[in-house]
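Every read-out reported here was derived from the displayed coordinates using simple, explicitly stated rules and does not represent laboratory data. It should be emphasised that the depicted structure is a prediction, and the values quoted were computed from it without experimental measurement. Cβ sites come from the backbone with ideal geometry, for glycine too, and all protein chains shown count toward neighbours.
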Amino acid sequence: MRQSQAAVLERYTVLNGDFRTEPYETGWATEARWFVRVLEASTPDTKVVLTTQVSPDGLHWCDAECPEQVSEGEGMVSWPVREFGQWLRIRGSVEGADRSVKVLIYLTLKD
Amino acid sequence: MGSPTTDADTAIAGHLRRAMLDADPALSRYNPLSRILVFDQFNSGTHGWTELIGNHDGEGNLDTVDDHMRDFRPPQLSSCTFFDVGTHGAMTGTYALKVATRPVTGHTAVAIRRLTMAKKGRVQFETYFTYKAEAASEENGASTQAGAGEWDGNIHPSEQQFGAFTIATDICDDRGERYHTVMRYQNTDLDNRFTRRWMYPVVPEPTPREHLEGKVKLGPTDDFTAPNPQDWKPVGESQSFCYNEVPTKVNWHYLRWQIDTEARKNIELQVNDRVYDLRDVPVPVYEERYDSLDNLLNFYVSARTHTGVRNFLFLDSVLVSVDW
């Protein structure tokens with residue numbers, strides 16, 4: 001039986017401007033998939049730009065070779081990641097100075 | 001019809017049982033009571049340890065979860081990897097369970113294991129653990145956060161940036177009588193000065209029902225186990241551990257904690273070479289009775305930071321045994 005794990009990294013968190021999720025250890029896993037649920041958005045066209053980041057030590061980060069994702073308004077976006085090494089996180093940005101989103105962010109992992 | 005069991009038979013059975021435990025390298029480092037309820041080696045998964053969260057309403061609206069019980073962070077399977085040496089690994093294999101706080105003063109991370117009792121009696125929680133504050137980086141700024149001092153070549157500044165870790169239960173008997181047994185190792189006080197002592201709370205933990213009834217309202221970083229620092233009392237002599245000078249060296253410590261769910265009492269705590277008699281440590285009981293929790297037997301572990309630096313509690317493995 002393969003191992004798997006789902007972690008809720010943000011729960012009903014209101015985000016604005018630039019943000020980063022907490023570091024999460026993924027060294028045991030081969031594949032990962034992010035799910036970002038936007039529960040509420042200030043406007044139907046509020047955009048969130050989401051970039052996957054990787055790290056060898058949980059301290060120093062760079063962008064993964066993984067296309068940037070953009071969510072617009074409410075709903076859910078998801079994307080897979082592989083060959084990510086020891087840690088994963090999201091570097092994100094809510095576009096617009098007066099805009100915010102309320103999110104649930106899941107990281108799902110499988111060996 | 002067999003012959004009656006003699007004291008000699010009992011002694012031989014005890015020796016045989018211990019010999020069988022000793023034949024297994026993983027079990028030989030433990031001292032279980034007569035029945036092993038769970039044996040969690042985190043090198044093979046999370047074994048039911050999950051993030052604690054408060055209760056929510058009938059619509060699944062997580063805005064109804066208490067502020068102080070909605071961000072206890074998901075536990076991680078950690079290879080104990082650090083910036084200076086790479087992967088350190090666990091005591092058993094590569095992976096340990098890591099409970100990690102946010103880098104926010106007062107933030108608490110909690111992992112919980114949910115069981116029930118088939119009978120009342122003695123219950124023992126054993127683990128091999130270690131704890132660390134996060135190493136400094138330009139991004140996290142740990143070297144300038146509260147608690148950071150001068151490096152003297154022995155004591156590392158990060159050691160004073162680890163607040164406390166806690167082991168606790170949530171127990172409810174078949175009459176709805178609910179209580180917690182709790183032991184906390186307070187490494188530093190709220191001003192980041194070493195205290196290095198074991199503590200226990202004299203009040204029961206505030207619950208979601210008490211919040212719904214308007215009795216309590218805690219903030220996101222309040223100490224959910226017992227919010228008022230005055231409600232924590234020290235027990236026994238202070239105890240220092242092998243932090244091993246820097247935040248990137250991992251030495252595993254043995255902990256054995258025994259309680260009695262028949263007598264509703266603490267019994268004793270052993271941590272490495274120290275044994276604390278806990279029989280006089282009170283166990284506060286909720287005044288109200290609880291439904292839907294018959295024979296509840298939960299264990300939780302938490303890490304709590306007293307500064308703006310992530311705190312980590314690592315468990316290599318956990319063994320829970322009973323005398324049922």
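Peptide B:63-72 shows a mean partner chain C-beta count of 2 within 10 Å per residue C-beta. Cα centroid separation, region B:137-200 to region B:229-300: 14 Å.
Highest mobility in the GNM of chain B, judged by mean-square fluctuation with C-alpha springs under 10 Å and restricted to B:L16, B:L255, B:L115, is found for B:L16. The peptide list B:52-65, B:291-304, put in order of mean Cβ contacts within 10 Å with the highest first, becomes B:291-304, B:52-65.
When the charge dipole of the protein assembly as shown is built from unit charges on Cβ atoms (+1 for Lys and Arg, -1 for Asp and Glu) and taken about the Cα centre, the candidate among B:H107, B:G14, B:A303 whose Cα reaches farthest toward its positive end is B:G14. By the beta-carbon count within 10 Å of each Cβ, the least crowded to most crowded order of B:C242, A:C66, B:C80, fewest first, is B:C242, A:C66, B:C80.
Using the count of nearby Cβ atoms within 10 Å as a rough guide to exposure, how do B:H107, B:H306 rank from fewest to most? Could you put the intermediate results ahead of the total?
Numbers: B:H107 22, B:H306 25.
By the 10 Å Cβ count, ascending, the order reads B:H107, B:H306.
Could you tally up the Lys pairs in the protein assembly as shown with alpha carbons closer than 20 Å? Skip any pair fewer than 8 positions apart unless they're on separate chains. Display every interim value, and only then the final one.
Details: A:K47/A:K102; A:K110/B:K98; B:K98/B:K132; B:K98/B:K249; B:K119/B:K265; B:K120/B:K265; B:K132/B:K249; B:K233/B:K265.
Lysine pair count for the protein assembly as shown: 8.
Look at the stretch B:131-138: the mean tally of other chain Cβ atoms within 10 Å of its residues' Cβ atoms is 2. Treating each Cα of region B:200-311 as an identical point scatterer and summing with the Debye formula, the log10 of I(q)/I(0) at q = 0.22, 0.23 Å⁻¹ comes to -1.51, -1.54.
Per-residue Karplus couplings for region B:45-55, computed as 6.51 cos²θ - 1.76 cosθ + 1.60 with θ equal to phi - 60°, are listed in order as x, 8, 6, x, 7, 9, 5, 6, 9, x, 7 Hz, Gly and Pro entered as x.
For the protein assembly as shown, divide the Cα radius of gyration by the Kirkwood radius and give the resulting Rg/Rh value with two decimals.
Values: Rg = 22.7 Å, Rh = 23.1 Å.
Result for the protein assembly as shown is an Rg/Rh of 0.98.
Each other residue within a Cβ distance under 13 Å of B:V281 adds +1 if Lys or Arg and -1 if Asp or Glu, for a net charge of +1. By other beta-carbon atoms within 10 Å, ranking B:D189, A:D98 with the fewest at the front produces A:D98, B:D189. Based on the reciprocal of the average 1/r between different C-alpha atoms, the Kirkwood radius for region B:31-94 equals 15.2 Å. Legend: mean number of C-beta atoms from other chains within 10 angstrom of residue C-beta atoms, peptide B:73-84, equals 6. With the simple model of a label 7 Å out from the Cα in the direction of the Cβ, B:L190 to B:N55 spans 2.9 nm.
Sorted from longest to shortest, the spans of the Cα atoms of chain A along the three principal axes equal 42, 30, 21 Å.
Scattering from region B:147-257 was approximated by placing one identical point on each alpha carbon and applying the Debye formula without solvent; log10 I(q)/I(0) at 0.18 1/Å stands at -1.01.
Neighbours of A:R37, meaning other residues whose beta-carbon lies under 11 angstrom from its beta-carbon, give a summed charge of -1 when Lys and Arg score +1 and Asp and Glu score -1. Evaluated at q = 0.07, 0.11, 0.13 Å⁻¹, the base-10 log of the normalised Debye intensity for chain B, with identical point scatterers placed on the Cα atoms, takes the values -0.29, -0.72, -1.00.
In this Cβ point-charge picture (+1 for Lys and Arg, -1 for Asp and Glu), chain B has a dipole of about 560 debye about its Cα centre.
Tally Lys and Arg at +1 and Asp and Glu at -1 over the other residues with C-beta under 12 Å from the C-beta of A:D57: what net charge comes out? Walk me through the numbers on the way to the answer.
Numbers: positive: none; negative: A:E25, B:D84, B:E134, B:E139.
Net charge around A:D57: -4.
Loop-resident GluC sites (Glu not before Pro) (DSSP state other than H, G, I, E or B) in region B:155-251 with no more than 16 further Cβ atoms inside 10 Å of their Cβ: B:E177, B:E213, B:E237, B:E245.
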